[in-house]
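The values are calculated or read from the model by the stated rules, or taken from the named source; none is laboratory data. Since this is a predicted model, take the numbers as computed values, not measurements. With ideal geometry, Cβ positions are generated from the backbone for all residues, glycine too; neighbour counts draw on all protein chains shown.
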C-alpha cells in the first residue's frame with residue numbers, strides 16, 4: 001500500500017517524495033538534493049529545518065498543556081507586541097488562526113460585522129483560499145464552479161484598473177479585498193496609484209479595505225508586508241504561510257477602532273488559533289527575520305534574480321515580472337514540460353496557469369544558488 005491509496009485525491013499526483021530539507025534545499029528519498037523555488041507555496045521563507053523555530057516550538061511544548069487563546073500567556077503577549085510594531089496601524093488588534101484561508105474568512109466576517117453590510121468586491125485573477133468565504137472571493141472558475149452556489153453578494157473587478165471598481169463599489173459595499181501581489185494569478189504586483197485610488201473609493205463609500213498578504217508578506221517582497229512598497233493603507237491585513245516560520249499560524253490584523261463600541265465577543269473563534277507553540281514559532285520567526293535582515297536579503301537577491309532571468313532573453317520567454325523574491329516567468333509555450341525538466345535537473349519550481357512558473361524560494365537562498373537556478377532554466381530552454 002502507498003500513500004496514494006489513502007489520500008482524498010484533491011492534490012495533483014507527484015511521484016517525488018520529499019523527506020527532508022535544509023536552508024534553500026530539499027532532499028528526496030534517494031538523497032538527491034534540489035534547490036527549492038516552491039518554498040511550500042511561500043511557507044518556507046525562513047528556510048527549511050530552521051533551528052530557531054524548532055527550538056522555540058519544542059520549548060513551548062515541553063512546558064505546555066493545551067488551552068485556547070481565551071487564557072492569556074506571556075509568549076502570545078510578546079508575539080502580539082512585536083508583530084504590532086510591523087503593522088500599518090497606529091494601534092493594532094489581532095485574530096489568530098492556523099492558515100491563510102482562515103485569516104481571510106475572519107477578515108470577511110469582520111468587514112460584514114463592522115459595517116453592517118454584505119457586499120464584498122474582489123479582483124479578477126484573485127486567489128484568497130478554498131474555504132467557502134475565501135473561495136467566494138477567489139476568481140478562477142475552475143476553483144469555484146464545482147461548489148456553487150457560493151456565499152452570496154461577492155463581485156469582481158479588474159485588477160489595477162480603477163474605473164472597473166468605480167462601476168461596482170457603492171453604499172452597500174462592506175469591503176474590497178485585494179492581494180498586494182497576485183500570487184496564484186501569476187505574480188502581478190499592485191500599482192501604487194491604483195491602490196491609492198481603491199483607498200479613496202473605500203473612504204467615499206464607507207467600505208473597508210482588506211489587503212491579503214498571505215503569500216506576499218513576511219519579508220517576501222523586500223518589506224515585511226508588501227503593502228509597504230506601494231503605500232498601502234488598509235483597515236484589515238491577512239497573514240499566514242511564513243508567519244510561523246513553517247509552523248501553522250495565521251493572523252488577521254486590523255485597526256483597533258474597527259468595531260467602534262460594538263461588543264464582538266463570541267462572534268468568531270478558532271480552537272487552535274493562537275496556541276502557545278504557534279505563537280512561540282511566530283515570535284521566533286519575527287526575531288529571525290530581524291536578526292538576519294531578511295527584508296534586505298529578499299530585496300537584494302530578488303533584484304539579482306530578476307536581472308538574471310531577464311538576461312536569458314530567450315524567444316520562448318514572454319515576460320519576467322515580480323518583486324523581491326516573488327517572481328514569475330511567463331512563457332510563449334506550455335510551462336509543464338519546463339517544470340518537469342527543471343525538477344529532473346535538481347530545481348523545483350511552481351506552475352501557475354498553463355504558461356507561467358513562479359519562483360518562491362526561501363529567502364536564505366544564496367546568489368550562487370540563484371545563478372544555478374537560472375543556468376538550469378537556460379539549459380532547459382536551449
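Out of (1) touching a helix residue (DSSP H, G or I) at 6+ places or on another chain (Cβ under 7 Å); (2) modelled with pLDDT of 95 or more; (3) farther than 24 Å from residue 237 by Cβ, the odd one out for residue 104 is which?
For residue 104, the failing item is (3).
Residues of region 102-125 being within 17 Å of residue 201 (Cβ to Cβ) and outside any helix (DSSP H, G or I), which ones?
Within region 102-125, 117, 119, 120, 121, 122, 123, 124 meet the criteria.
Might you check whether a residue that is in contact with a helix residue (DSSP H, G or I) (Cβ under 6 Å, 6 or more places away or on another chain), part of a helix (DSSP H, G or I) and more than 30 Å from residue 262 (Cβ to Cβ) occurs anywhere in region 69-83?
Looking for residues that are in contact with a helix residue (DSSP H, G or I) (Cβ under 6 Å, 6 or more places away or on another chain), part of a helix (DSSP H, G or I) and more than 30 Å from residue 262 (Cβ to Cβ), one finds none in region 69-83, hence no.
Report the residue count in region 263-286 for those that are in a loop (DSSP other than H, G, I, E, B), surrounded by 21 or more Cβ atoms within 10 Å (Cβ to Cβ) and more than 19 Å from the chain's Cα centre (by Cα).
Result for region 263-286: 1.
Given the condition assigned by TED's automatic domain parsing to the domain that holds residue 165, more than 18 Å from the chain's Cα centre (by Cα), surrounded by fewer than 22 Cβ atoms within 10 Å (Cβ to Cβ) and touching a residue at least 24 places away in the same chain (Cβ under 8 Å), answer yes or no: does some residue in region 210-228 qualify?
No, every residue in region 210-228 fails to be assigned by TED's automatic domain parsing to the domain that holds residue 165, more than 18 Å from the chain's Cα centre (by Cα), surrounded by fewer than 22 Cβ atoms within 10 Å (Cβ to Cβ) and touching a residue at least 24 places away in the same chain (Cβ under 8 Å).
Just to verify a result, which residue in region 18-32, among those that are modelled with pLDDT of 95 or more and in a loop (DSSP other than H, G, I, E, B), is farthest from residue 48 (Cα to Cα)?
32
Return the residue satisfying two criteria in turn: it lies in region 287-341 and is more than 20 Å from the chain's Cα centre (by Cα) and within 28 Å of residue 59 (Cβ to Cβ), and of such residues it is surrounded by the fewest Cβ atoms within 10 Å (Cβ to Cβ).
Looking at the filtered set, the residue picked out is 291.
In this structure, is residue 35 part of a helix (DSSP H, G or I) and crowded, with 17+ Cβ neighbours inside 10 Å?
When the stated conditions are applied, residue 35 does not pass them.
Please verify whether region 157-165 includes one or more residues that are modelled with pLDDT of 95 or more, within 29 Å of residue 272 (Cβ to Cβ) and buried (at least 16 other Cβ atoms within 10 Å of the Cβ).
For region 157-165, residues modelled with pLDDT of 95 or more, within 29 Å of residue 272 (Cβ to Cβ) and buried (at least 16 other Cβ atoms within 10 Å of the Cβ): absent.
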